[in-house]
Amino acid sequence: MKLNRRIAAVLFGGSAVVAAAAVALPADAATKGTVYVADKSVVAMVDKSGRAHNVSITRSGRTITVDDVVGITPGAGCAKVDGTKVRCALKVNPTRIRVQLGLKNDTLVNRTDVGITVYSGAGADRITGGSRADYLDGGAGNDALWGLGGNDTLEGRDGNDAISGGDGDDWAYGENGNDKLYGGNGGDVLNDGAGADRVYGGNGRDMLFASLGNDIYDAGADNDEIRHSDDTPGADADAFIGGAGFDFVSYEIFSKPIVADADAVRGDDGRAGEHDTIGTSVEGIIGGSGNDRLIGTPRADQLAGGPGNDVIAGSGGDDLLAGGAGRDYLNGAAGNDELYGDEPDTSAGVAADTLLGGPGRDTVNYDGYTKPLFIDLDGAADDGQAGERDNVGTDVENVYGGSGNDRITGNAAANLINAGGGNNVVRGGAGNDDLDAADGLNYFYGDAGDDLINTQDYDKDDHVNAGDGAGDHCTADLGDAIGSSCEKVDR
C-alpha cells in the first residue's frame, strides 16, 4: 500500500501547510476623477458619490469602458461617453483594474479578461470577477462574490455571505457570519470563519478549514482534506462529508484527546462534548497531539494518530495505520493492513508501540529508519531500534526494514521480508518465504519451507543458506555465495 502524503507528513514530521498570499495595492495618485488610468496599464475607480453602484466593465483591445448607474467623472487617461459611462484608452495592454466601492448595496460585473481588485464597504454587495485572477473583498454586509475563471481570492468579511470560486485554484474566506462557500473547479482553499456555515469543495483537490460554529463541510470530488483550524474548546458540532476520491479529516491542531471514526453516527467524533459527525465517504482521519482513539470502518481506511499515546484499530478492509510519536497501540484487524509505529528518529527518542496485524496478510513497515533494527515476529516486546521495545505480533506476516544493519526474523507463516539497505541478516523461519534486501552485505537463512530468496543487488557478495525444503529458488549475483540447500539458482 502506498504511503499517503498526509500520513507521511504525520510520520516524518512535515505537514502540508498552506498559506495565503497577501494582496497589496499601491496607493493611487491624486486625481479629480472617479475613473482614471492609475499606472500606465492599470485602470482605477473610486466611489465619491455615496450612492449605490451598478457597474459593468468591458474591454476592447487597449480600451477599458466603465458603465455605471451613478455619474462618473473621467480622470487622467479617460474620456466621458455619457454621464454614467467612461472610456479609458491605454497606450499598453491593461494588466489590472482596481475598484473601491462605497457603503451602499453595490453591484459590479467584470466582463473583461483583465484581473480585477475590488474593495467594497458595508452593504449587501454583488461582485462578479472575470476570467483572470481576481481579488474580491465584500466588506461588511450580506455579500455575494463570484470569482468565475482564474485563481481568485475572495473575502466575505462580516455578514452572511455567499462565495463561489468558479474555475481555477481559488482562496475563499467567509469570516464572521453564516456563510456559504463553493470552491467550484480546481484545487481550492476554503476557510469559513466563525458562524454556522456550509462549505462545498466541488471538483479538484481542495483544502477545507473548519472554524468555529456548527458547520457542514462537503469536500466534493477528488482527494480532499478537511482540517480543523482552531483548538478553542467548545461544543462545535461539525459534519464532514468526503464525496468521491480519498478524503481526510484532520484534527492535527487539537491538543485534547479525540475519538473518531468515519461511520456517520451523529455526534460521536471529536473531543469530549464536541459532537462532530464524520461521514462514511471519508477514508482518512488524522489525530492531534493528545491520546487519541481512531477506529476504522469495513472499508480501506488510513488512520494516523500523531503525537500522543494513541489507540488505532482497523475494522475490515486493507487499512494503513500510523502511530506517530508516542506509545501507540495499532491493530489492523481483518484485511491486508500496513502498520507504521513511530516516526523514524535517529536520536533514539522513539517509544514502544504494539503492532498487531489481525486476520489477513499484514505488513509492519520501518522504512525511513537509519539505525539498526531488530525485528522478530514472535510477539515479544523486543523489536525496533535499540531501546525502542516495540511488540510486533505473531499475526504480522510481512516486514520492511530500514537503511541500517537490520536483523529480521519471520515466523511460521509465509513471510515477505525486505530488509532494505545496510548489511542485514534475514531469517525466514518456517513457511514459504520471500526474502529480499537492497545494497549491502546480506546474509539470508531460508529455514524450513520452499523459499524465494533474492540477493541480486549488483553490490557486495551476499550469503545464502536456503535451509530445509525441496523447492528453494535463489536469484543471485555472480559473486554471491549460494549454499547447496538452494535447489534452483538463477544468476
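Bear in mind that the values in this text are calculations on the coordinates, not laboratory data. These numbers come from a predicted model, not from an experiment. Using ideal geometry, Cβ is built from the backbone for each residue, glycine included, and neighbour counts are taken over all protein chains shown.
Within straight-line reach of LYS91, meaning a Cα separation under 18 Å, sit the following lysines at least 8 residues removed in sequence or on another chain: LYS40, LYS80.
Of GLY186, GLY305, ASN465, which is farthest towards the positive pole of the chain's charge dipole, taken about the Cα centre with +1 and -1 on the beta-carbons of Lys, Arg and Asp, Glu respectively? Result: GLY186.
Give the shape of the chain as rounded, prolate or oblate, defined through the alpha-carbon gyration tensor: a ≥ b ≥ c are the square roots of its eigenvalues, a/c under 1.5 means rounded, and otherwise the shape is prolate if a/b is larger than b/c and oblate if not. Walk me through the numbers before you get to the answer.
Values: a/c = 3.79, a/b = 2.40, b/c = 1.58.
Judged from the Cα gyration tensor, the chain comes out prolate (a/c at least 1.5, a/b above b/c).
Would you mind classifying the stretch 373-491 by shape? Square roots of the alpha carbon gyration tensor eigenvalues, ordered a ≥ b ≥ c; an a/c under 1.5 is rounded, otherwise it is prolate if a/b is larger than b/c and oblate if not. Oblate is the answer for the stretch 373-491, as a/c is 1.5 or above yet b/c matches or exceeds a/b.
Among the listed pairs LYS180/LYS256; LYS256/LYS371; LYS371/LYS488; LYS48/LYS85; LYS48/LYS180, those whose Cα-Cα separation exceeds 26 Å are LYS180/LYS256; LYS256/LYS371; LYS371/LYS488; LYS48/LYS180. Between GLY165 and GLY147, TYR182, GLY183, GLY184, the built amide H atoms are under 5 Å apart, and every one of these is 5 or more places off in sequence or on another chain.
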